[in-house]
Each structure stands twice: as C-alpha cells, then as structure tokens.
Amino acid sequence: MVECQIAARGIHDPRVLAAMLEIPRHLFIPPPYDHAAYDDNPLPIGSGQTISQPYIVALMTELLHPKVTDNMLEIGAGSGYQAAVLSRLIRRLTTIERITTVVNLARTNLKSIGIDNVIVIEGDGSLGYPGNAPYDGIIITAATPDVPQPLIEQLADGGILVAPVGGRDIQDLITFHKKGGSIIRGSHGGVRFVPLIGQHGWENKNS
Ligand code: SAM
C-alpha cells in the first residue's frame, strides 16, 4: 500500500511514510470491509461514516508538516486511523467526533494499539476545542462549506490547517497557513468527504 499507492503518487516525507507503514489499517475497519483495508479506497465504518482513502490520509498528513513538538486538533475522529498516523509524528492530538458509537470505535481502536497521546472528545468539532488551543496544526476530515471561524482563531501563528472545503458532495483540499495575522491559502485538488455536520458546517439531513 505505502510503496504503490502512496510513495508512487508523490508522498515523499520519510516520517509520514514510516508512520503509514507502522499503523495497521485493517485494525481500524470493522468487518465485513476489513479484508479490503489495503486497497486505496475509503471504506464504511458504520453509522453512515467512512475511513478515508490511505493516499488522502498521507497527503493531508504531509501537508500539515508535522513536527515532534506539535500540538494538533482533528475534526472527525471516525475510525481513529488518521489520528493514529498523526500520533506517531507529533506530541499531542485532540480529535473530536460527533457520533457516540463512532467515538467509542475510535477510542477502542486507538487503545488496541497502545496509543496514549490522542484524546478523543465527543462533540461538535466545528466549534473546535479551545481547552487545548492554540494548535500548530488542524485537520478537518469532513467536508465543510468554509473553514469554521473558531478553528481559524484556535490555530497558532505559524500553524497550518488542512480541510476539504466546498460543496456537500465534492470539495477542494485546501491549506490555510496562518502567518503574522494573515492567511496564505493553498489548493491541492478535488476530494470527496462525508459532510461536517454542525454549527459551522452543514445541517443534519437526518434530523
Ligand atoms: N479521520 C477519520 C478516520 O481516520 O477514519 C475519517 C473521518 S470520516 C471521513 C468523517 C467523520 O467526521 C465522521 O466520523 C463524522 O461523524 C465526523 N463528523 C462530521 N461532522 C462532525 C462534527 N461537527 N464534529 C465532529 N465530527 C464530525
């Protein structure tokens, strides 16, 4: 998976490649889809949610330029896989998930491989988590119409935010680099994520 789908497609950061090699993706996918864990696809994890495609996990991780001293925030814990990859590269990650069953899945998965520098919080991640801010990096792993203002405020000066921004069905992967009060925006291609449901995201169609 790492050689053919990730390194071959242009992910070069050796720390990111090592973390992707180290984390067993099959342990983050409940049956019956776990057999397809090393295909380059998003897969269902229950509750209508998905684990992201491995290449996109690697790309978003690389775009964050993770450093061992970093304190980061993830919105959308899902299976906990992205969090597990980041846990190998930074000091501390706070990850937020809105669905209770999925919160429990992420906690169980992370515990099963002994990860102890990730805190899984239940709640609306579009509000961020001011208690552990400022963040050197923020990753939103659900589609957002725009970058939520609370997250921009919780990003440290010099910090990077990566997110799928756009429509409910298709988005552009963007980076926001906060520098001296201004924001430098980058664009990294089209992606498809499940929607960010919350105060600064999309309305829940099921409620
Ligand atoms: N990062 C995940 C992984 O490694 O498996 C994949 C995330 S999945 C594509 C998107 C997740 O975002 C879903 O689990 C969904 O419930 C969650 N989500 C959507 N809106 C949210 C919100 N406002 N706050 C927190 N989590 C949210």
Could you tell me which of rounded, prolate or oblate describes the stretch 83-126, using a ≥ b ≥ c as the square roots of the eigenvalues of the alpha-carbon gyration tensor, with rounded for a/c under 1.5 and, failing that, prolate when a/b is larger than b/c and oblate otherwise?
oblate
Debye, to nearest 20: dipole size of the stretch 2-191, +1 on Lys, Arg Cβ, -1 on Asp, Glu Cβ:
260 debye
Share of the chain's accessible area from carbon and sulfur, percent, 1.4 Å?
53 percent
Taking amide hydrogens as modeled 1.01 Å from N in the peptide plane, which residues meet the under 5 Å criterion relative to residue 156, leaving out close sequence neighbours?
135, 136
Taking 22 Å as R0, compute the FRET efficiency from the Cβ-Cβ separation of residue 8 and residue 172 and round it to 0.05.
0.40
If r is the Cβ-Cβ distance from residue 199 to residue 41 and R0 is 25 Å, what FRET efficiency results, to the nearest 0.05?
0.20
Here the percent of antiparallel bridges among DSSP beta bridges lying wholly in the chain, to the nearest 5, is 45 percent
Just to check I understand the Karplus step: with θ = phi - 60° and J = 6.51 cos²θ - 1.76 cosθ + 1.60, what whole-Hz values come out for the stretch 62-73, glycine and proline as x?
5, 5, 6, 6, x, 10, 4, 8, 6, 10, 10, 10
As a test of the formula, what do you get for the chain when each DSSP H run with n ≥ 4 contributes -39,500 (n - 2.57) and the sum is divided by the residue count, at 222 nm and rounded to the nearest 500 deg cm²/dmol?
-6000 deg cm²/dmol
Within 12 Å, Cβ to Cβ, of residue 90, how many net charges do the neighbouring residues add up to if Lys/Arg are +1 and Asp/Glu are -1?
+2
Provide the per residue accessible area, probe 1.4 Å, for the stretch 2-191, rounded to a whole number of square angstrom.
42 Å²
Between rounded, prolate and oblate, where does the chain land on the alpha carbon gyration tensor, with a ≥ b ≥ c its root eigenvalues, rounded for a/c under 1.5, else prolate if a/b exceeds b/c?
rounded
Residue by residue, what Karplus-based ³J(HN,Hα) values in Hz, rounded to whole numbers, does the stretch 140-145 have, using 6.51, -1.76 and 1.60 with θ = phi - 60° and x for Gly and Pro?
9, 10, 8, 6, 10, x
Over the chain, relative contact order from alpha-carbon pairs under 8 Å, at least 6 apart, %:
15 percent
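The values are calculated or read from the model by the stated rules, or taken from the named source; none is laboratory data. This structure is a prediction, so every number in the text was calculated from the model and none was measured. A quick note on method: Cβ atoms are made from the backbone with ideal geometry, for glycine too, and the neighbour counts reach across all protein chains shown. Ligands, DNA and RNA are stripped out before the accessible areas are found, and what is left, the full protein with its side chains, is counted by its heavy atoms. Shrake-Rupley method; radii C 1.70, N 1.55, O 1.52, S 1.80 Å.
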